[in-house]
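Peer 1: One structure coming up, written as structure tokens, with questions to follow.
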Ligand code: C2E
Ligand code: MG
Ligand code: MG
Ligand code: MG
């Protein structure tokens, strides 16, 4: 087709698009086997209590170890999994794996275990009317108490229409916490707080980056903690990379934070090492 178009200037773009479509199709095909071939695993990033440094929770983050290309970042393959619908079975696997891990830690470590397991759920999963039943079934099967589970959704996912808000409400009714991820970056952040049951605001890294800057730069992080306090919601500052940011966030009233300054996403065994280290010196697990 490119030849027929002759000197047409679109030929270049056309073949580039073709190449990308092929790459996508190949990625989708390989991804469809990733589950059965055991190429997926979860990492867990600590959420810490700023005043004490204790690990109060972890966020499960999926990783794909591609046999040829190595680690493929989730921002690369999650959108593909969403488009093909593969995110539905994959998301159930992620939820089950995370809940099983959390239940195991609760049983083994009791109070020393991270209190909450957070699992990211994509827009496509919320469009499944049976998703709340899936969550209930996974909780029953793993024996995890719903109070230990948080489901992270994005504003765009709930805005995506359908019955997403009803689906979220049904999950909330099970006793599971709902966190709004990347809070502040969507179109309807504040309006959503009226229509959708939300327990946690996860303040996007882009706003956390500003907290050591000018008053104007930190204004959004300041406003979000005020909103959270006024509405009785928890707030988690995401992407905290420096001690100065952590201190400033604490001063602004933040209690919970997550970021490379405390810990990167870790393997489950590394989380267990942190728990036992803390048990050994009689303190609660701390990340930094
Ligand atoms: P997210 O849910 O907002 O997750 C936070 C991302 O920020 C993670 O990237 C984490 O590794 C990264 N991060 C944490 N602390 C820092 C920091 O201090 N600095 C910087 N620069 N980055 C930090 P990751 O694991 O690559 O995940 C990216 C996104 O992919 C996630 O954003 C989430 O939207 C999606 N994702 C990851 N795992 C899952 C999953 O299991 N299911 C679904 N549906 N989406 C997932
Ligand atoms: Mg998240
Ligand atoms: Mg986030
Ligand atoms: Mg984010």
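Peer 1: Which members of region 136-170 meet the condition of being closer than 25 Å to residue 84 by Cβ and under 16 Å from the mean Cα position of the chain (by Cα)?
Peer 2: Those that are closer than 25 Å to residue 84 by Cβ and under 16 Å from the mean Cα position of the chain (by Cα): 151, 152, 153, 154, 155, 156, 157, 158, 168.
Peer 1: To continue, here is another question. Can you pull out the residues in region 159-182 that are within 16 Å of ligand 3 (Cβ to nearest atom) and on the phi > 0 side of the Ramachandran plot?
Peer 2: The answer is 182, and nothing else.
Peer 1: Continuing with this model, one more query. If I filter region 60-86 down to residues being part of a strand (DSSP E or B) and out of contact with any helix residue (DSSP H, G or I) (no Cβ under 9 Å at 6 or more places or on another chain), which single residue comes out as farthest from residue 147 (Cα to Cα)?
Peer 2: We begin by selecting, within region 60-86, every residue part of a strand (DSSP E or B); these are 60-66, 70-72.
Filter once more, keeping what is out of contact with any helix residue (DSSP H, G or I) (no Cβ under 9 Å at 6 or more places or on another chain): 70-71.
On the way: 70: 36, 71: 32 Å.
Result: 70.
Peer 1: Taking only region 220-240 into account, find how many residues are in a loop (DSSP other than H, G, I, E, B), over 18 Å from residue 61 (Cα atoms) and in contact with a helix residue (DSSP H, G or I) (Cβ under 9 Å, 6 or more places away or on another chain). Spell out the reasoning first.
Peer 2: Taking region 220-240 first, the residues in a loop (DSSP other than H, G, I, E, B) are 232-233, 238-240.
Filter once more, so that each one left must be over 18 Å from residue 61 (Cα atoms): 232-233.
Checking the rest, the ones that are also in contact with a helix residue (DSSP H, G or I) (Cβ under 9 Å, 6 or more places away or on another chain) come to 233.
Selection size over region 220-240: 1.
Peer 1: Okay, next question. Scan 176, 215 and give me the residue that is more than 17 Å from residue 259 (Cβ to Cβ), over 13 Å from the mean Cα position of the chain (by Cα), more than 16 Å from ligand 4 (Cβ to nearest atom) and at pLDDT 95 or above.
Peer 2: Values: 215 fails: at pLDDT 95 or above.
Result of the check over 176, 215: 176.
Peer 1: Out of the residues in region 183-202 that are assigned to a strand (DSSP E or B) and in contact (Cβ under 8 Å) with a residue 40 or more places away in the chain, which is surrounded by the fewest Cβ atoms within 10 Å (Cβ to Cβ)? Reasoning before the result, please.
Peer 2: From region 183-202, those assigned to a strand (DSSP E or B) are 183, 200-202; that's our starting set.
Narrowing the set further to residues that are in contact (Cβ under 8 Å) with a residue 40 or more places away in the chain leaves 183, 200, 202.
On the way: 183: 28, 200: 23, 202: 26.
The qualifying residue surrounded by the fewest Cβ atoms within 10 Å (Cβ to Cβ) is 200.
Peer 1: In addition: Only one of these is away from ligand 2 (no atom under 16 Å from the Cβ) and either closer than 30 Å to residue 29 by Cβ or loosely packed, with under 14 Cβ neighbours inside 10 Å (or both): 127, 174. Name it.
Peer 2: 127
Peer 1: For region 133-158, which positions are part of a helix (DSSP H, G or I), buried (at least 16 other Cβ atoms within 10 Å of the Cβ) and away from ligand 3 (no atom under 16 Å from the Cβ)?
Peer 2: Those that are part of a helix (DSSP H, G or I), buried (at least 16 other Cβ atoms within 10 Å of the Cβ) and away from ligand 3 (no atom under 16 Å from the Cβ): 134, 135, 136, 138, 139, 142, 146, 148.
Peer 1: Within region 110-121, track down each residue that is part of a loop (DSSP other than H, G, I, E, B) and surrounded by fewer than 20 Cβ atoms within 10 Å (Cβ to Cβ). If you could, list the steps in order and put the result at the bottom.
Peer 2: From region 110-121, those part of a loop (DSSP other than H, G, I, E, B) are 113-115, 121; that's our starting set.
The one that is part of a loop (DSSP other than H, G, I, E, B) and surrounded by fewer than 20 Cβ atoms within 10 Å (Cβ to Cβ): 115.
Peer 1: Mind telling me which of the residues 185, 195 ends up being within 15 Å of ligand 1 (Cβ to nearest atom) and modelled with pLDDT under 95? Steps first, answer last, please.
Peer 2: Numbers: 195 fails: within 15 Å of ligand 1 (Cβ to nearest atom).
Testing whether each residue is within 15 Å of ligand 1 (Cβ to nearest atom) and modelled with pLDDT under 95 leaves just 185.
The values are calculated or read from the model by the stated rules, or taken from the named source; none is laboratory data. Quick caveat, the model's predicted, so the values are computed rather than measured. Ideal geometry is used to build each Cβ from the backbone, glycine not excepted, and the neighbour counts take in all protein chains shown.
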